[in-house]
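This report refers to the structure that appears directly beneath it.
The values are calculated or read from the model by the stated rules, or taken from the named source; none is laboratory data. Here the structure is a predicted model, which means the values were calculated and not measured. So basically every Cβ, Gly included, is an ideal-geometry build from the backbone, and we count neighbours across all protein chains shown. For the accessible areas, the whole protein counts, side chains as well, though only heavy atoms, and no ligand, DNA or RNA atoms are used. Shrake-Rupley method; radii C 1.70, N 1.55, O 1.52, S 1.80 Å.
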Amino acid sequence: QVQLVESGGGLVQTGDSLRLSCAASGRGFEDYAVGWFRQAPGKEREFLGTISKNGQRTYYARFMEDRFTISRDNAKKMSYLQISLMKPEDTATYSCAVVDGYPRGSPLEYDYWGLGTQVTVSS
């Protein structure tokens, strides 16, 4: 029901800030919670955080909440992931996904996914 496209990735330097975007199309975006994930080569997909369908609640993975901020704008059918003080360890493909109803913390629970945007942080 919803198609997702991420953008905003690229090559950045250690210490930079970056905002990734997730653009939704289709119907019912406002009925979905949005999750953000990343996956580095050879590693499993990692949950970063999620935001409720009305944007009133956010939940972040442990030890990441200081640098990662998730927001959404339902009028624009967009979600955003703001990353500050980027580190080489942040190099990964970042993806957004949606799940109908309440926020979830596991990638296995999400319904629709974007293809991701690559972020590379130089050391």
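When the range 1-55 is filtered for residues that are surrounded by fewer than 18 Cβ atoms within 10 Å (Cβ to Cβ), among the acidic types (Asp, Glu) and within 12 Å of the chain's Cα centre (by Cα), only Glu46 remains.
Checking each residue in the range 75-104 for being free of Cβ contacts under 8 Å to residues at least 60 places away in the same chain, surrounded by 15 or more Cβ atoms within 10 Å (Cβ to Cβ), of a type outside the set (Lys, Arg) and outside any strand (DSSP E or B) picks out Asp90, Thr91. Each residue in the range 32-58 was checked for being in a strand (DSSP E or B) and of a type in the set (Asp, Glu), and 1 pass.
In the list Arg62, Arg72, which residue meets the criterion of being assigned to a loop (DSSP other than H, G, I, E, B) and either free of Cβ contacts under 8 Å to residues at least 24 places away in the same chain or open to solvent by less than 70 Å² (accessible area, probe 1.4 Å) (or both)?
Working: Arg72 fails: assigned to a loop (DSSP other than H, G, I, E, B).
Only one candidate qualifies: Arg62.
Checked against (1) in contact with a Gly (Cβ under 9 Å, 6 or more places away or on another chain); (2) surrounded by fewer than 18 Cβ atoms within 10 Å (Cβ to Cβ), Tyr110 meets all criteria but (2).
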